[in-house]
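A short write-up of the structure that comes next.
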Amino acid sequence: MENLVTESQLTDYKDQQNTWGMSFQTTIVYDCQQVRYRFLSIRRHAEPMGVGSTLLETNHGPWHKMSPDTPSETLFLILCNP
C-alpha cells in the first residue's frame with residue numbers, strides 16, 4: 001500500500017528573478033514508504049501571488065531520492081510523521 005502525501009507551495013520574490021518571474025507555485029507529492037518525492041507541477045508567474053501570465057508550466061516530474069539536511073527532507077519529516 002502506498003502512503004503518499006501532497007503539499008502545495010507559493011513563493012513570491014521581492015524583485016524580478018530573470019526568467020523565474022515574480023512568483024512560482026509548486027505541488028509536490030511525498031512517498032512516505034519509499035522516502036522519495038516528485039513535483040506534480042511547477043508554474044512560474046510574471047506577477048506576485050501566482051497571478052499574471054504563466055511563464056513556464058511543467059507537470060509530473062521524475063521521483064527523487066530524499067537528500068539529508070535539505071528543505072525537502074524537513075517537509076518530508078513533518079508531513080510523513082504527524
Checklist outcome for this item: Among residues of segment 1-23 being in contact (Cβ under 8 Å) with a residue 24 or more places away in the chain and part of a strand (DSSP E or B), the residue nearest to residue 56 (Cα to Cα) is 23
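Per-residue answers, yes or no, for (1) more than 14 Å from the chain's Cα centre (by Cα); (2) at pLDDT 90 or above:
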position	(1), (2)
4	yes, yes
7	no, yes
21	yes, no
37	no, yes
58	no, no
65	yes, yes
81	yes, no
Checklist entry - Here are 74, 27, 58: which of them is surrounded by fewer than 16 Cβ atoms within 10 Å (Cβ to Cβ), of a type in the set (Val, Ile, Thr), part of a strand (DSSP E or B) and out of contact with any Leu (no Cβ under 6 Å at 6 or more places or on another chain)? => result 58
Next on the checklist: For the structure I just gave you, tell me whether residue 69 is of a type in the set (Asp, Glu) and surrounded by 12 or more Cβ atoms within 10 Å (Cβ to Cβ).
Outcome noted: no
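Does segment 39-55 hold any residues that are hydroxyl-bearing (Ser, Thr, Tyr) and either modelled with pLDDT of 90 or more or surrounded by 12 or more Cβ atoms within 10 Å (Cβ to Cβ) (or both), and which are they?
Of everything in segment 39-55, those that are hydroxyl-bearing (Ser, Thr, Tyr) and either modelled with pLDDT of 90 or more or surrounded by 12 or more Cβ atoms within 10 Å (Cβ to Cβ) (or both) turn out to be 41, 54.
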Checklist entry - Right, residue 37: of a type outside the set (A, V, I, L, M), in contact with a Cys (Cβ under 8 Å, 6 or more places away or on another chain) and outside any loop (DSSP other than H, G, I, E, B) or not? => result no
Next on the checklist: Considering only segment 15-24, I want to know if a residue exists there that is loosely packed, with under 14 Cβ neighbours inside 10 Å and of a type in the set (Phe, Trp, Tyr).
Outcome noted: no
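The values are calculated or read from the model by the stated rules, or taken from the named source; none is laboratory data. Computed from a predicted model, the values in this text were never measured in an experiment. Virtual Cβ from ideal backbone geometry, glycine too; neighbours counted across all protein chains shown.
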